[in-house]
Ligand code: FES
Ligand code: FES
């Protein structure tokens, strides 16, 4: 039995503790937005947030997670698909096949959490997800655009 | 020919699966489980009859355009919809798309044509009949309105889904007349618009399939869930041509969730369990005994020997011959010779191979990501042992294709063979990355020896290209060969056609000594142009250097008869500023090629530091695809093809040991990341009059342009890929 807080919901899940979070999300909870591609922590397709930081769910056994930790998946990134990254991605038509994109967006979101206006070098250092379709240049532009959208939104909120 | 037979394919029976796991969680996956279902690629769910095979219009003016080819990231879904919508004159903001099923295509006399999605054919292979489909529907809609008003059709105009009777100003919309239009006979003849009147084709409209990819909602094959579904993990004999001897299922039968352990064909075993993780865990614990078969001693070195022998053999197939290359080389003032090599590579789609199947004695249904629904259906029927009419394939969105999911449906056959052992139960088979890496249909391996001769002025007088290595067609589709020759091996080096050489060489001989090692080859993004362009474009650079000439000027002298190729080459040279010095420490390289009927060129700018670290700063790329349906998607494809091509150049290599691929996963088969990605400057320069491909052609020029730039930077001529095996420190 694992007790996990996922996208704001406290859940009790009947599962062997050695099961990686990825498979609990996908198979126990039906949250299939988080993808399997390598299973060894290399590609980033399975990226989710634990307390706002990017982690690779395919190599994280659920037994390593505490009920107090906030797990966020692509489905929980925003209530209505309007996270600045989602807006920017839509504006720039970033995805190609789309398979790597939930992980790509979650990596970028974690970067923006810690650094609201990242430089190209920051992006190079933190967004190391594989994309075989080759969306990198739009991903980069999308992150910069999202940072602007976010800035605009917080300015509006303040005024 | 339009088919008047009324087939009720707009009836859709969807089962909705809702997984609930605690408060606030619910996920619905829409699965067509009925035999008559049409899988909605968009979210159409109307019960109105189609206007024709391509177009359904709902009463609220929603336009559903049917797409036969598969969307796998390349944007063909949007491009094809643009083609239909252009002629249909509909409101683009109301357009949705859906896939007809391959079974329906067969039942309706292949009214949607080919489902094959490869060879950069999506748009260029079907633009004529899909535009006609849109035009025919438009005429029927106008006729329905004219009939209702009792006015001549000629007095009606149409724009944005609104039909206007010009003399009276009366209007109606497509949604209002669609049902009546569906009852009419289609016109025998329609006229297609003149390209200069296009309003939607050529526009950088946004893709139709983006939103669900941003929220996790997009369902890929690997994501399918169905009521009562079980999950399978599989292992096939890692040695090519090997067989499954035995397995000890007692060891895993009691592990959590395990339902069955089954033999799959003669070379694989699968564990079927409640969840895939349980299946995979049990499979890892399963003792398996393999019969390694006849290829157990095959290695990269033994394959190399085969290829080396082919470089020198007397016999070879001729792909292109003009003049007398041998004589010209003997008479040349200076000759240059070099041998190049290009390795095996996996496709490594981000989504590993998978398929879901449900089999009963009289029916088999398969849900899978496929580049060719009809081939998937064929494979399913064969494995099911049922007539094709009792089988159906529902195409699910692909997490990448690149050629892996077009000609090969091994994963579909396996899924059906497993499901057959659990009649009535849907089973989803998902390969591990390791299985995917070891059971690919690999980019074929070749070597090439090139000999070129220069005269006293430094002009090229003769060129001999001897390719030695693997034929894709001999393995995959021998029926496409002519007299044992695989002309596809000569992509980019042929005398004419979609893959013609971009130069006029006075005395030219291009040959192929076919040597087929027992490693299964397959089509790949670009495939043979990838290495052929490296061979030719690197060697042209070698010749220019030997002649003491500028690589651009040397090429131009050979291109007088190839004005479109010359135009793209000139465009990249101009945009990159070839005639001006590059920034300090930065060096440039060029490449040009014709592939899939498009003319493409690139100018790469690189630097190599003292430690031998390569940085690719920028690549200027030009493409002339004849017509550019959606320029912003063309840009995305050029960038994407560079990532695939540069990943291949930097890292892509599958080595063979004991008859198996040595690589297992992305740790030993890396792919480039964002920090290695150059800026890409895309020039889209459609010259009209022909339809060229988009997804693949530019892959060919990325690698040779970079290799030529590396030579300019370091003086090192690299003739082996991938670069990870080469020390780039200056000589
Ligand atoms: S699937 Fe987790 S990093 Fe690749
Ligand atoms: S969009 Fe297809 S792998 Fe990234």
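Read-outs: derived from the displayed coordinates by stated rules, not from any lab. None of the values given here were measured: they were computed from a predicted structure. When we count neighbours, we look across all protein chains shown, and the Cβ atoms used for this are built from the backbone with ideal geometry, even at glycine.
I'd like the orientation of helix A:101-114 relative to chain A: the angle between its Cα long axis and the longest Cα principal axis, in ° from 0 to 90, rounded to 10.
Here the helix axis deviates by roughly 70 degrees.
Quickly work out the residue B:188-to-residue B:147 label distance, labels modelled 7 Å from Cα along the C-beta direction, and quote it in nm with one decimal.
That separation, rounded to one decimal, is 1.9 nm.
What average number of partner chain Cβ atoms lie no more than 10 Å from the Cβ of the residues making up B:204-210?
Per residue, the number of nearby Cβ atoms from other chains is 4 on average.
What is the ratio of the Cα radius of gyration of the stretch B:42-195 to 2.2 N^0.38 Å, with N the residue count, to two decimals?
1.02
Roughly how many whole Å is it from the C-alpha centroid of the stretch B:263-277 to that of the stretch A:24-41?
When both Cα centres are located, 20 Å separates them.
When only C-alpha pairs under 8 Å and at least 6 residues apart count, what is the relative contact order of the stretch A:84-158, in percent?
Computed over the stretch A:84-158, the figure is 47 percent.
So, in nm, how far is label residue A:59 from label residue B:730 when the simple model puts each one 7 Å beyond its Cα toward the Cβ?
Spacing of the two 7 Å Cα→Cβ label points: 3.9 nm.
So what is the relative contact order of chain B, in percent, for Cα pairs below 8 Å that sit 6 or more residues apart?
Contact order relative to length: 13 percent.
Given the C-alpha centroids of the stretch B:663-688 and the stretch B:458-496, what is the distance between them in whole angstrom?
About 26 Å separates the Cα centre of the stretch B:663-688 from the one of the stretch B:458-496.
In degrees from 0 to 90, rounded to the nearest 10, what is the angle of the helix A:136-158 Cα long axis to the longest principal axis of chain A?
Around 80 degrees separate the two axes.
Counting only other chains, and only Cβ atoms inside 10 Å, what mean value do you get across the residues of A:120-132?
Partner Cβ neighbours, averaged per residue: 5.
What percentages make up the Cα-Cα pair-distance distribution of the protein assembly as shown when the bins are 20 Å wide from 0?
Over the protein assembly as shown, the share of Cα pairs per 20 Å bin runs 14, 45, 34, 6, 0 percent.
For the stretch B:566-618 and the stretch B:78-92, compute the distance between their C-alpha centroids and round to whole Å.
36 Å
When a footprinting reagent is the concern and you count Cβ atoms within 10 Å, what order do B:578, B:431 take, fewest first?
Arranged by neighbour count, lowest to highest, B:578, B:431 become B:578, B:431.
Got a sec? How would B:247, B:402 order by Cβ neighbour count within 10 Å, fewest to most?
Ranked by crowding around the Cβ, least crowded first: B:247, B:402.
Evaluate the stretch A:1-120: find the radius of gyration of its Cα atoms, find its Kirkwood radius, and give the ratio Rg to Rh.
0.96
At residue B:47 and residue B:243, where each label point lies 7 Å from the Cα along Cα→Cβ, what is the point-to-point distance in nanometres?
Using points 7 Å along Cα→Cβ, the separation is 5.5 nm.
Across the residues of B:74-82, average count of Cβ atoms on other protein chains within 10 Å?
1
Rank-order B:561-569, A:109-117 by packing density, defined as the average count of other C-beta atoms within 10 Å over each peptide's residues, highest first.
Final packing ranking: B:561-569, A:109-117.
If you take the Cα Rg of chain B and divide it by 2.2 N^0.38 Å, with N the number of residues, what do you get?
That ratio works out to 1.02.
Just order B:634-643, B:432-441, B:234-243 by mean Cβ neighbour count inside 10 Å, highest at the front, would you?
Listed from highest to lowest mean packing, they are B:634-643, B:432-441, B:234-243.
Could you put B:76, B:370 in order, starting from the residue whose Cβ has the fewest other Cβ atoms within 10 Å?
With the fewest neighbours first, B:76, B:370 line up as B:76, B:370.
Using 0.36 nm per residue of separation minus the Cα-Cα distance, give me the extension gain between residue B:480 and residue B:107 in nm, one decimal.
131.7 nm
Listed highest first by mean packing, meaning other Cβ atoms within 10 Å per residue, what order do B:167-176, B:712-721, B:464-473 come in?
For the peptides B:167-176, B:712-721, B:464-473, the packing ranking is B:464-473, B:712-721, B:167-176.
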